[in-house]
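Down below is the structure, laid out as structure tokens.
The values are calculated or read from the model by the stated rules, or taken from the named source; none is laboratory data. This one's a predicted model, so the numbers in the text were calculated from it and none came from an experiment. Cβ placement follows ideal geometry from the backbone for every residue including glycine, while neighbour counts extend to all protein chains displayed.
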Amino acid sequence: METMTTREFLEAVKVSEVTEEIKGEATRRIEKLDAANAKRKSAPKKVSAAHVQNAELADQLIKEFLTKEPKSASEVAEFLDVKVQKASAVLRQAEKGGLIAVEEMKVKGKGKVKGYSLLD
């Protein structure tokens, strides 16, 4: 059985055979949900400190390290002097922002890995 959302429940109550008081309460709560959703959608997106730091590291990579020749996350981590997980986060953010290209590359002893390079 699927779980009913608050909105679905309130919409069902609003059109059912119940007292006007209950219908009014359902309508009031739906309006409150709509207001909260509108406020959340119009609020500026919060940017974390890690996101800002990753953007700075991505900028450094683009200016100083990446070329048309793809580099692995391990190579990027070594250049930035960070852990591979941090380098991967920086690279994912840069890729998502359309700043770098990603392709599959073969690395001896590791097989296929993602390679990151400058855009054409």
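So which residues in region 1-21 are surrounded by 10 or more Cβ atoms within 10 Å (Cβ to Cβ) and either under 31 Å from the mean Cα position of the chain (by Cα) or within 17 Å of residue 34 (Cα to Cα) (or both), if there are any at all?
4, 5, 6, 7, 8, 9, 10, 11, 12, 13, 14, listed by residue number.
Return a yes/no flag: does region 80-98 have any residue that is more than 23 Å from residue 47 (Cα to Cα), in contact with a Gly (Cβ under 9 Å, 6 or more places away or on another chain) and of a type outside the set (A, V, I, L, M, F, W, C).
no
So, of the residues in region 46-71 that are loosely packed, with under 12 Cβ neighbours inside 10 Å and of a type in the set (Lys, Arg), which turns out to be nearest to residue 100 (Cα to Cα)?
68
Yes/no per residue for (1) modelled with pLDDT of 90 or more; (2) touching a Cys at 6+ places or on another chain (Cβ under 7 Å); (3) assigned by TED's automatic domain parsing to the domain that holds residue 87:
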| site | (1), (2), (3) |
| --- | --- |
| 18 | no, no, no |
| 30 | yes, no, no |
| 33 | yes, no, no |
| 73 | yes, no, yes |
| 76 | yes, no, yes |
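In this structure, does residue 66 turn out to be at pLDDT below 95, over 30 Å from residue 10 (Cα atoms) and in contact with a Leu (Cβ under 7 Å, 6 or more places away or on another chain)? Please lay out each step first, then the result.
Values: at pLDDT below 95: yes; over 30 Å from residue 10 (Cα atoms): yes; in contact with a Leu (Cβ under 7 Å, 6 or more places away or on another chain): yes.
Criteria met by residue 66.
Being surrounded by 10 or more Cβ atoms within 10 Å (Cβ to Cβ), part of a loop (DSSP other than H, G, I, E, B) and in contact with a helix residue (DSSP H, G or I) (Cβ under 8 Å, 6 or more places away or on another chain) narrows it down to one residue among 113, 102, 82; which is it? Break it down stepwise before answering.
Values: 113 fails: part of a loop (DSSP other than H, G, I, E, B); 102 fails: part of a loop (DSSP other than H, G, I, E, B).
Only one candidate qualifies: 82.
Would you pick out the residues in region 1-59 that are outside any helix (DSSP H, G or I) and acidic (Asp, Glu)?
Hits for region 1-59 are 2, 17.
Consider residue 90 carefully, then state whether it is within 23 Å of the chain's Cα centre (by Cα) and in a loop (DSSP other than H, G, I, E, B).
In short, no.
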